[in-house]
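One structure is given below, encoded as structure tokens.
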Amino acid sequence: MLKEFLNILLENTGVDFCDYKPTTLQRRIIRRMHLLDIASENDYLNYLLKHEQEQHLLYKEMLIHVTTFFRDETSFDYLCSEVIPAILKSKNPNDIVRIWVCGCATGEEAYSIAICFHEHLQQVGDLTRIKIFASDLSEAVIAKARKGVYPATALAKLSEARKNVYFFQQPDGYHIRPFIREMCTFAVHNVLQNPPFANIDLLSCRNVLIYMQPVLQKKVLATFSYSLRENGYLFLGKSETSGLAGKFETVNKGANIYTNRERNTKLFSIHSATKTPPADMSHTERPISQERKDFQRAADEMLLAKYIPAGVVVNDSYDIVDFRGNTGFYIEPSPGIASWNVLKMIRKGLYYDLQEALGKAKAERVSVRREGIALEHEGALQRINLEVQPLSGTKEKYYLVLFQQVPQAPADSLVTDDGINNTRDLRIHQLEQELMHSREQLRALSEEQEATSEEFQSANEELKTLNEELQTSQEELISINEEVTQRNKELNSLNKELVTARNFASSINNTINDSLLILDKHLRVQGANRAFYETFHINETDAQDRVVYELGNKQWNIPELRQLLEQTLPEKKEVSDFLLKHKFETLGYRALLLNVRQMHLEAAAEPLLLVVIQDITESHELQQAVHESAFRLQFAFDTAGLGTWEVSLPDRTLSSSDRFKQTLGLPTDAPLTYEGLLAMLVEEDRAEFQEVLSLAPEQQRFSKEFRVLRADGSQRWLALSGMARLGQQGTPISVLGVSADITERKRSEQKLRSSEQHFRLLADSAPVMIAMSGENGEFSFYNKSWLNFTGRGEGYTAADWVQDIHPDDRSKYESLFQSSLKTQARFNAEFRLRHKGRYRWLSCIAVPRFNVKEGFDGYTMACTDVHDQKLMSEALERKVEERTEALRDMNDELLDKNRELEQFAYVTSHDLQEPLRKILMFSSVLLRKNEPERSTHDAEYLTRIEQAASRMIHLIQDLLNYSSLKEHTRDFLPTDLNKIVQHVLIDFDLLIQEKEALLTIGSLPTVDAVPLQMTQLFYNLISNALKFSRLGVRPEIRIAATELTPDEAEAQGLKRDSGYSKIEVSDNGIGFDKSYSDRIFEIFQRLHAKDQYQGNGIGLALCRKIVQSHRGALIPHSEEGAGTTFAIILPLKQDA
Amino acid sequence: MGRIKIKKILLVDDDLDDQAIFKLALEDVRPDCRVATASDGVEAYQELLHTPEATIYDIIFLDINMPRMNGKELLPKIKAMERHRHVPIIVYSTSYAIEEIKYMLAAGAHTYIRKAHSYKQLCMDISTILNEVESAS
């Protein structure tokens, strides 16, 4: 049945529980059945098959995960104080320390070890040196272990110090601190199937082995031996010590700590041992393929198979690791749990011999041989030789066990001469020996048994004594019990009385309207009556044992209350009628009257406090309201400057306030009687005052103004208002009222009236028409001029006068008015208004009025009759327009004339030139022809004709140029001045040669200019330079350009920023006086006589005009007899 | 490019004085040249129309302002005549009007000289032009 369960688990989880202790497994299954309320195992099996979830649960159940921090304190103490320092000591400071916690469950074990290491932090140095591998079969528990969160109960056994250092509290529990967590690595791992961790210094596997059967335990331990370093530590749970023999050495038995004596080097043999018989090491290394065998080896094998005796190789724990030859005869699997132990598998008849031989071989490391062991086989007797040979040269200890069958002697030869059957003798001998062995064993057993029974006897004795002691104790208990019962009865009756008393008290408490509250010394609520809970909406159960301040969501945490309870009370012992005013969150404002008394109860060591709370909120509020209204009234009177007075009716006695006296100009302590008051009134008002008083009872209330004459002679206005106070039967008791000094108001009223009158007079007498509107824009006032103009009387409204506006102007005015009204802006308007059946032009200014308080108050509009002016100015405008037109026409005419003139001048000068040219030509032809008969006079006359004609030509040309130089002819092009000058110089070739002039011309810029005008400019300047040379001096002319600095430009009144070029044309000629600097540019202005120097006085004027039209400047610089320099300043670029 | 010697010149000018002075000056500068004159475009056109192939003019001096047919009208006509289209035409005028001169040059005139104000200048001008044309041809 169990098998079937285990098979299901194997299928489902892949974990084979076959080798776990059946009793344990059975217990788990029964537990699950119990939980599910299933009676029979069959039913549970069915259930298990159908429910996958249950399979999982059972699996979890099988793997018990019970563990705690520092389980088995003593063991852990030893581990921490001895083992861990020893491990660390054996290591170099940088070596890694490896720890394996096998079966770590939810991680407590692993973390405990980590904590131990951390407690040796100084020795550890770097925590990353410590690697803790923690493994478990179950993924679920590993997940929990990784989280490292534990409930408080899990930490209960931990010392406070460890708790604080290694954990921190969070709502979900205690978290292990990261530095501990980081030391541990958690993994799902099956120690029976997965390859183990290696090179382990400390292996903790606690309470795992106990669930396993010995075979499995051994296997696991072998794995551990492999995993651990030599002398590595194994940390086991209690009662897990079996199967350790040979491999591990005890370090501390109590603590269950062992060291690995000798490391298991081959994991292979351990793991495969349970599945396939392992081959001998030497054999496995041999290649198996047939082809590669050489014949020698084949022969060896043959021999080995045939002649070498059968045998097995066993290890130190007698497990078979290799089979040699046919061992079937000697060795067979024994019934029960599968085992490779040779002693369990050996044929029964050989057991003792083998055990002995192996023991001897192991102990003495010698080969042991047993011969002729008789063995019965199928009815025949066989003799076996047994040899145990320790294998030398292997790392671990192995023993070769050889079996050899002694060949059967023929039956006849077995019978010796003396007739004794040798075989039988041998068998007898053997049996005797066996018997001897058995006896010895039996003896040893019986000795042991005797010793045990003795122990049992002594234990029995002990138990007997114990039993007696128990009996006496029981008797005592019975008598005590009776006493207790008696006491109990007494208490019961007392209790009943108490209940009655309490009911009585509580019924009183609960019927009282005032709240009662009982507090202990620490101000915790010990009780309260119903009134308290109801008044303050406090839940009774919540209040119990709470500190009073915390009641009702801490609403009672009132500073005044604290003061009272914590400071005043301890001194005075009791408090009476303490008024507590507080605004509660839920109850709102409350006025509470507190009385506190100390109560000394017999039972209680400490006195209790009885707090009686009386809610006087309403009466308190009422009182407050009365106070307040009285105060307000007084305040109102004071601020309004009102006096109060009262005249009792029957006897006319007056009582009055200080203020009232003040208004009368009396000191406050002066006596004032009714008669006195009457006397102070102006005579005319006295009767009225008396009448008012006598009529007061019939009237609701009265209000009259009276004049009083003060003692200093000043008259004041007094407003008296009041009403009669009637008694219960409606009989008047007195007249009471208030007084106010209204003199100022009266005066300002007066002033207002007179100023109003003033204004009307002013407005009416003004010749200007004035109208005023209110803030809504409706006109309400018109002065006399206005009314006269329109011819309308009073009662003239806004609509009326707007209707008087000329229909053409009305809508314009209205829209202007409306838009101005919106912004409250002043505006000017002109419109025609009806005046005696005709319309006249008015010019109006409307100004908004603002008063101090309300702001905009309306418009005041003043209009003047501008009809005549308007007509006049219209007429004027018309005239101006006419004139302008005439002027424009005239101008056009002039322009035409001008153009004609220009044309005329051009044509004329051109036509004038022609005859002159001819005169010139022919006279020069005449001169050329050197007629012998011509007199010198004739020649001279011809020359003069020539010269005059030539001058006239130049004059005409220059005039032509000057007049045609006009603004609109500007046609600026980028002009290379170098080319211009070269071109000009061609014209002067002849002259230059004649005068042997020396010209130096520098590099000139390209400027935006009219090329022809530039030619003209340079022509004139060069011509002058050549012309005005000094006699006998060779003319030197220099033309050079420099860039004008911004400062120079500014000095010439030119724009600072634009680029200018300065071209200087200088000569070494006659020069001129500086005082002529301006004159030279005037047209027809000459400095020299005509016969001295040729020229007509236009050239320089033209030059200046050209330069100016190029937005430049021409600056002469000269000294008489020292030459002349003309600086031409031209902008490089002309603006478009 | 052998230097072609200018032998025959046609002067088209309505001003008889100018004709006379031109002749005088040419006599001084190039006594071996012969000058034929025409007083307006019509006359010049007739002359050129009937000029035999052998006696074609080497150069033509052409005034602008003339009665009947002016220089501007004549020039394209000359350029349209197969025999005369390669004859260099020198604009010879008192005109300052740039537009006119530009027009003439665009219509195929070789160059432009202003009528000089002195005999000496005229002689120089003629000599320069003739040399220039001869060397360019």
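Before moving on, here are some points about what is shown:
- Evaluation of A:GLY336 against the conditions (1) modelled with pLDDT under 80; (2) touching a Gly at 6+ places or on another chain (Cβ under 9 Å) shows that the sole unmet condition is (2).
- Residues of the stretch A:99-124 that turn out to be closer than 16 Å to A:LEU203 by Cβ and surrounded by fewer than 22 Cβ atoms within 10 Å (Cβ to Cβ), as a count: 1
- One residue stands out in the stretch B:59-70 among those that are away from chain A (no Cβ under 14 Å) and modelled with pLDDT of 90 or more: the one that is surrounded by the fewest Cβ atoms within 10 Å (Cβ to Cβ), namely B:ILE59.
- Within the stretch A:970-1017, being within 18 Å of A:GLN1134 (Cβ to Cβ), part of a helix (DSSP H, G or I) and out of contact with any Pro (no Cβ under 9 Å at 6 or more places or on another chain) holds for A:PRO1011, A:LEU1012, A:GLN1013, A:MET1014, A:THR1015, A:GLN1016, A:LEU1017.
- Residue within the stretch A:1040-1057 that is touching a residue at least 12 places away in the same chain (Cβ under 8 Å), under 30 Å from A:PHE904 (Cα atoms), touching a Ser or Thr at 6+ places or on another chain (Cβ under 9 Å) and among the small types (Gly, Ala, Ser) present: no
- Tally, over the stretch A:828-848, of residues that are under 14 Å from A:SER773 (Cβ atoms) and either at pLDDT 90 or above or over 59 Å from the mean Cα position of the chain (by Cα) (or both): 5
- Only one entry of A:SER1118, A:SER1058, A:SER1075, A:SER1109 meets the criterion of being surrounded by 14 or more Cβ atoms within 10 Å (Cβ to Cβ) and either over 28 Å from A:PRO974 (Cβ atoms) or at pLDDT 85 or above (or both), and that entry is A:SER1118.
- Qualifying residue in the stretch B:120-132 (condition: of a type in the set (S, T, N, Q), over 16 Å from the mean Cα position of the chain (by Cα) and within 14 Å of chain A (Cβ to nearest Cβ)): yes
- A:ASN190 vs. criteria at positive phi and not β-branched (Val, Ile, Thr): no
- One residue stands out among those in the stretch B:96-119 that are β-branched (Val, Ile, Thr) and within 13 Å of chain A (Cβ to nearest Cβ): the one that is nearest to B:ASP17 (Cα to Cα), which is B:ILE113.
- Selection count, the stretch B:86-95, where residues are in contact (Cβ under 8 Å) with a residue 12 or more places away in the chain and either more than 14 Å from chain A (Cβ to nearest Cβ) or in contact with a His (Cβ under 8 Å, 6 or more places away or on another chain) (or both): 6
- For the stretch B:14-37, taking the residues that are of a type in the set (Asp, Glu) and within 12 Å of chain A (Cβ to nearest Cβ), the one that is farthest from A:SER924 (Cα to Cα) is identified as B:ASP14.
Conditions tested, residue by residue: (1) more than 14 Å from chain B (Cβ to nearest Cβ); (2) part of a helix (DSSP H, G or I); (3) acidic (Asp, Glu); (4) without any contact (Cβ under 8 Å) to a residue 40 or more places away in the chain.
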{"position": "A:LEU871", "(1), (2), (3), (4)": "yes, yes, no, yes"}
{"position": "A:ARG883", "(1), (2), (3), (4)": "yes, yes, no, yes"}
{"position": "A:ASN891", "(1), (2), (3), (4)": "yes, yes, no, yes"}
{"position": "A:ALA905", "(1), (2), (3), (4)": "no, yes, no, no"}
{"position": "A:PHE922", "(1), (2), (3), (4)": "no, yes, no, yes"}
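- Residue within the stretch B:41-54 that is away from chain A (no Cβ under 14 Å), touching a helix residue (DSSP H, G or I) at 6+ places or on another chain (Cβ under 6 Å), part of a helix (DSSP H, G or I) and touching a residue at least 60 places away in the same chain (Cβ under 8 Å) present: no
- Only residues that are among the aliphatic types (A, V, I, L, M) and in a helix (DSSP H, G or I) were counted across the stretch A:542-595, and they come to 7.
- Any hit, the stretch A:925-937, residues being within 11 Å of another protein chain (Cβ to nearest Cβ) and modelled with pLDDT of 80 or more: yes
- Subset tally (residues that are buried (at least 22 other Cβ atoms within 10 Å of the Cβ) and either without any contact (Cβ under 8 Å) to a residue 12 or more places away in the chain or of a type outside the set (Asp, Glu) (or both)) for the stretch A:198-211: 8
- Restricting the stretch A:153-176 to residues that are of a type in the set (D, E, K, R) and surrounded by fewer than 16 Cβ atoms within 10 Å (Cβ to Cβ), the residue that is farthest from A:ALA110 (Cα to Cα): A:ASP172
- Residue under evaluation A:LYS918, criteria (1) within 14 Å of chain B (Cβ to nearest Cβ); (2) assigned to a strand (DSSP E or B); (3) not small (Gly, Ala, Ser), criterion not met: (2)
The values are calculated or read from the model by the stated rules, or taken from the named source; none is laboratory data. Note that the structure is predicted; figures quoted are calculated from it, not measured. Note that we place each Cβ from the backbone using ideal geometry, even for glycine, and neighbour counts take in every protein chain shown.
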